[in-house]
Amino acid sequence: IRDADRTLSFLLTPGGVVTGQVRMRGSEQPMAGAFIAVKEEGGSGDLELSAGGDVITDADGRFTLTGVSSGALTLRAFGRGFASAQPTSVQLGVAEHISEVIVYVEAAYTVSGFVVSASDKTKAISGVMTGAFNLSPGALYAAVSPSANDGYFEILGVRPGDYMVGAIAQDQVPSLMGVNISVKDKDVSDVVVALESGATLRGVVEPATTARISIELATDNPGFADIPKFMSAALVGAQADEEGRFTLRAVPPGSWK
């Protein structure tokens, strides 16, 4: 918004409704307090995704999803001590109402710990989004809420496997491949993710104009060790104002263009 009003128009499609229940596989026990994650089939490749959602099952393990897009969808459930090993597929028409969908879960674990400053590990960092991911077979588990005032975080419903725990925060260098952990048959606690504040770069675009400012690694022969830097660089950017002035924050150490 600059010096004039703007009018934006939107075309809405009637959403569908999906109701059902989350149960423990084998015992058929209803699972209360389960988060429901929904995605389009093929929307994230083969990546297993458990990342938040506003819908939580009631005391009887029941849920209602409203405003759901039509098409082929997959549903997963996760919570403290359990998660879906396989998704439940649903084919939903425009504004269709599908009921009695059963989403099964199995035993899973909680990864917890603290986010701190790399320069002073006694200093907690709040408001940080954390997650555990691996590349094979491909899974991402995100915390359902940012880190607390004391830096504490919890990632629920993590299936057994080897993971990297990372974090993203405003004005901090992203730590996307921060801490290696192994989840076997119990919860993993006291994971410490340390974030660096990084450098601040200020400058100007000439001739003066609004522009998007980004960075890229200054190397002609990137290697495997540079992957974390490439990932961090993708999250660093700024908008130059009408005078061309910009400020880049949380720039990782290294040589950049």
Does Ser182 fit the bill of being polar (S, T, N, Q), free of Cβ contacts under 8 Å to residues at least 60 places away in the same chain and part of a loop (DSSP other than H, G, I, E, B)?
-> no
Counting only residues that are hydrophobic (A, V, I, L, M, F, W, C) and assigned to a loop (DSSP other than H, G, I, E, B), which one in region 194-218 is farthest from Leu176 (Cα to Cα)?
-> Ala208
Count, please, the residues in region 155-199 that happen to be closer than 17 Å to Thr247 by Cα, polar (S, T, N, Q) and open to solvent by 70 Å² or more (accessible area, probe 1.4 Å).
-> 2
Could you please find all residues in region 232-257 being open to solvent by 30 Å² or more (accessible area, probe 1.4 Å), in contact (Cβ under 8 Å) with a residue 40 or more places away in the chain and of a type in the set (A, V, I, L, M)?
-> Leu235
Enumerate the pairs (first residue in region 200-222 and in contact (Cβ under 8 Å) with a residue 12 or more places away in the chain and under 21 Å from Glu242 (Cβ atoms); second residue anywhere and open to solvent by 50 Å² or more (accessible area, probe 1.4 Å) and among the polar types (S, T, N, Q)) with beta-carbon separation below 8 Å, excluding pairs fewer than 6 apart on the same chain, so at least 6 apart or on different chains.
-> Thr210/Gln239; Ala211/Gln239; Arg212/Gln239; Ile213/Gln239
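The values are calculated or read from the model by the stated rules, or taken from the named source; none is laboratory data. This structure is a prediction, so every number in the text was calculated from the model and none was measured. Heads up, the Cβs are rebuilt from the backbone with ideal geometry, glycines too, and the neighbour counts pull from every protein chain shown. Calculation scope for accessible area: heavy atoms of the full protein, side chains included, ligands and nucleic acids excluded. Shrake-Rupley method; radii C 1.70, N 1.55, O 1.52, S 1.80 Å.
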